[in-house]
Every structure is written in structure tokens, then in C-alpha cells.
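Quick notes on the structure that follows.
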Amino acid sequence: MARLSHYRASGAVRMVDVSAKPATLRTASARGWVRMPPRVLRAVRRLQTPKGNPFEVARIAGIAAAKRTAEWIPLCHPLPLTHIDVTARVRQNGVELTSQVAAMAPTGVEMEALVAVAAAALTLYDMCKALDKGITIAEIVLLSKTGGKSGDYRRPNTAARGRRRTRR
């Protein structure tokens, strides 16, 4: 049975010691949704928001945040990331954000992929909040990861999730 690696037997939290682990290729991808009403989505499609191009600012914010994950998440190791990509796709009820991260490291990059999507989603909200403060950030999930002792992971049904029509 798997155990929580960030806890000692006493229950105290700890940073996992990865000093003896070899650096291997680790990858991860994540996804999140920014749901918005049709009029905001129309403005985003035309890139007409009060603060400029929301997709490019969100993309850069996600990349920058992934590089600083250890500053966001207290027990994460700072990692030498070798690749970060964040994309935004306009969908029927909002914007789908995805990230891909890679590193040659002794520990995984799942948190970096998730932080990239979270920061991009928060930035997209910030870029569009003047049009509607009811925009929703939802379903930030790990899609896949490769490498490491625990092996590869792929989230089931990654293509179909999130494309459902949301009720307004």
C-alpha cells in the first residue's frame, strides 16, 4: 500500500530526501478550465480585454510560475526544468489550459505542471475580471506523468472530460 511520503511516523511533515536518487527524465502534463459567459468568451476570442492579449500573458505567467514551484509549494524541491509549455484553447464554455513540463531530475515534475496551469488560469481570470467577476476556474488535474519509481501515469478519459456543456 502506498504511503504519504511527506510525513514522518510521528505525523510531522518533512521534505523528502532525494539526494541518493539518480536524475532521470521526468515529464508531466496538466489541464485546467476557465469557464466564462458567452459575452466574455467572445471578447477573449477577439482578444479585446481591458488589459491586452489574455492568452499570451497567461502563457508567460504559467511558464514563470512553473519555474518557481518550490516557492509556491513549501515541500517541493527546486528543479532544473528543461521544458515548459502552456497552451490556451477557446472551447464552447470557456478556455482550456494545458501544460507540459520536463526535467532531468531525481524527483517528478507533476507539481510544476499543475502550478503552470493554476497560474495561467488565475492570470486569465485577472485579464478578464473587468468583464465579469463570475468567471470560474475549475478541474485543474494531472493528465500524465512519466519517469520515477512510481512509473508512468495517464489520467483515464482525458480527451472527453471538460468538453461537456456547462449549465449557466
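Could you please tell me which pairs satisfy a Cβ distance under 7 Å, a separation of 6+ or placement on different chains, a first residue in the range 134-147 that is at pLDDT below 95, and a second residue that is surrounded by fewer than 18 Cβ atoms within 10 Å (Cβ to Cβ) and among the hydroxyl-bearing types (Ser, Thr, Tyr)?
Sorted first by the residue in the range 134-147, then by its partner, the pairs are Gly147/Thr24.
Going by the conditions given, is Val86 in contact with a strand residue (DSSP E or B) (Cβ under 8 Å, 6 or more places away or on another chain), farther than 14 Å from Thr123 by Cβ and either touching a residue at least 24 places away in the same chain (Cβ under 8 Å) or not basic (Lys, Arg) (or both)?
No: the conditions fail for Val86.
Here's a check for you: in the range 61-97, which residue that is of a type in the set (Asp, Glu) and not in a helix (DSSP H, G or I) is surrounded by the most Cβ atoms within 10 Å (Cβ to Cβ)? Reasoning before the result, please.
Just the residues of the range 61-97 that are of a type in the set (Asp, Glu), to begin with: 71, 85, 96.
The next check asks that each one be not in a helix (DSSP H, G or I); those that pass are 85, 96.
On the way: Asp85: 16, Glu96: 18.
Going through the qualifying residues, I end up with Glu96.
Quick one: Arg59 ticks every box in (1) of a type outside the set (S, T, N, Q); (2) closer than 29 Å to Thr107 by Cα; (3) touching an Asp or Glu at 6+ places or on another chain (Cβ under 7 Å) except a single one, so which number is it?
Of everything listed in (1) of a type outside the set (S, T, N, Q); (2) closer than 29 Å to Thr107 by Cα; (3) touching an Asp or Glu at 6+ places or on another chain (Cβ under 7 Å), Arg59 misses just condition (3).
Six or more apart or on different chains, Cβ atoms under 8 Å: show the pairs whose first residue is in the range 119-131 and within 17 Å of Pro38 (Cβ to Cβ) and among the charged types (D, E, K, R) and whose second is assigned to a loop (DSSP other than H, G, I, E, B) and modelled with pLDDT of 90 or more.
Lys129/Ile135
Considering only residues that are in a strand (DSSP E or B) and of a type in the set (Ser, Thr, Tyr), look in the range 98-126 and name the one that is surrounded by the most Cβ atoms within 10 Å (Cβ to Cβ).
Result: Ser99.
The values are calculated or read from the model by the stated rules, or taken from the named source; none is laboratory data. Computed from a prediction, not measured in an experiment: that's the story for all the values here. Note that each Cβ is placed from the backbone with ideal geometry, even for glycine, and that neighbours are counted across all protein chains shown.
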